[in-house]
Amino acid sequence: MAKGVRIIITLECTECRTNSDKRSPGVSRYTTTKNRRNTTARLELKKFCPHCNKSTVHKEIK
């Protein structure tokens, strides 16, 4: 069976991952889709993180 062009990816907050003294435990994660042929590099989007309480950069993880 052939794989589709669009795949589901997970975006994770970079500030929560690196900052150990934050206001609540946990890491903000979002799921989205991307076109595997047009966007081959890892995706980076600015999204709202409820743990940091501000908009931060979210990077694609496996």
Give the number of residues within the range 8-32 that are surrounded by 11 or more Cβ atoms within 10 Å (Cβ to Cβ) and in a strand (DSSP E or B). 8
Per the filter on the range 40-62, residues farther than 15 Å from T10 by Cβ and not in a strand (DSSP E or B) are T40, A41, P50, H51, C52, N53
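Every number here is computed from the coordinates shown, using simple stated rules; none is lab data. Model, not experiment: these values are computed from the prediction. Cβ: placed from backbone, ideal geometry, glycine included. Neighbour counts: every protein chain shown.
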